[in-house]
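J.: Below is a structure I'd like to ask you about.
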Amino acid sequence: MKIFNSLVTAYFYVFIAYLISHAINDTPKKREAALENAIKAGRTVRAVLVKRRATRRKIPGTHEFWSSIGYYKYEYKGKSYKYKYWADNPPSTLKLYFVKNPAKATVAGALSPVVINWPLVFIIVAVVLYFT
């Protein structure tokens, strides 16, 4: 029972920490700074459309509509990566940016300056709570 209590409490603490961190660190000004740093450091890649698929998306309680998802492939330093992009009409190429990990490359508007390993934080908090 103690392990369950420590896991639930750790989830609560880490969730609150995530919300606070997101509110403090993920502002438009910091997003622009992260984008500029990625461009200066050469952390940009060009993704090429591999496959396009039309899907029906539902918004709970309102309506449903048709949209497309584009499956992209890009390479960075000899390794291949994949990226999914929702749009009405996915373009044939996308320019993607990343902060540290090329596997987490994304479009400019979705680039987040914060790189925190939340599962690791959760495990550490759970272990500390269990042994206290």
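J.: Output the number of residues of the range 63-101 satisfying the condition of being closer than 21 Å to residue 26 by Cβ and either in contact (Cβ under 8 Å) with a residue 60 or more places away in the chain or open to solvent by less than 20 Å² (accessible area, probe 1.4 Å) (or both).
T.: 4
J.: I've got another one for you. What are the pairs, 6+ residues apart or on separate chains, where a residue within the range 104-116 that is farther than 11 Å from residue 25 by Cα has its Cβ under 6 Å from a residue that is assigned to a loop (DSSP other than H, G, I, E, B) and open to solvent by less than 40 Å² (accessible area, probe 1.4 Å)?
T.: Between residues of the range 104-116 that are farther than 11 Å from residue 25 by Cα and residues that are assigned to a loop (DSSP other than H, G, I, E, B) and open to solvent by less than 40 Å² (accessible area, probe 1.4 Å), the close pairs are 104/98; 105/98.
J.: Based on this model, can you work out whether residue 106 counts as among the β-branched types (Val, Ile, Thr), farther than 30 Å from residue 130 by Cα and either surrounded by 10 or more Cβ atoms within 10 Å (Cβ to Cβ) or touching a Gly at 6+ places or on another chain (Cβ under 9 Å) (or both)?
T.: It is true that residue 106 is among the β-branched types (Val, Ile, Thr), farther than 30 Å from residue 130 by Cα and either surrounded by 10 or more Cβ atoms within 10 Å (Cβ to Cβ) or touching a Gly at 6+ places or on another chain (Cβ under 9 Å) (or both).
J.: Right, another one. Quick one: in the range 103-132, which of the residues that are in a loop (DSSP other than H, G, I, E, B) and polar (S, T, N, Q) is farthest from residue 78 (Cα to Cα)?
T.: Looking at residues that are in a loop (DSSP other than H, G, I, E, B) and polar (S, T, N, Q), I get 132.
J.: Taking the condition assigned to a loop (DSSP other than H, G, I, E, B) and polar (S, T, N, Q), does residue 9 pass?
T.: No, not satisfied.
J.: In the range 1-59, how many residues are free of Cβ contacts under 8 Å to residues at least 60 places away in the same chain, closer than 20 Å to residue 95 by Cβ and not basic (Lys, Arg)?
T.: Matching residues across the range 1-59 total 11.
J.: Identify all residues within the range 109-130 that are over 17 Å from residue 18 (Cβ atoms), within 12 Å of the chain's Cα centre (by Cα) and surrounded by 14 or more Cβ atoms within 10 Å (Cβ to Cβ); write none if there are none.
T.: 111
J.: Go over the candidates 41, 23, 17 one by one and state the one that is out of contact with any Cys (no Cβ under 7 Å at 6 or more places or on another chain) and either open to solvent by less than 50 Å² (accessible area, probe 1.4 Å) or charged (D, E, K, R) (or both).
T.: On the way: 41 fails: either open to solvent by less than 50 Å² (accessible area, probe 1.4 Å) or charged (D, E, K, R) (or both); 23 fails: either open to solvent by less than 50 Å² (accessible area, probe 1.4 Å) or charged (D, E, K, R) (or both).
Answer to the check: 17.
J.: Let me ask you something else. Quick check: anything in the range 37-56 within 17 Å of the chain's Cα centre (by Cα) and of a type in the set (S, T, N, Q)?
T.: yes
The values are calculated or read from the model by the stated rules, or taken from the named source; none is laboratory data. None of these values were measured; they are calculated from a predicted model. Heads up, the Cβs are rebuilt from the backbone with ideal geometry, glycines too, and the neighbour counts pull from every protein chain shown. Ligands, DNA and RNA are stripped out before the accessible areas are found, and what is left, the full protein with its side chains, is counted by its heavy atoms. Shrake-Rupley method; radii C 1.70, N 1.55, O 1.52, S 1.80 Å.
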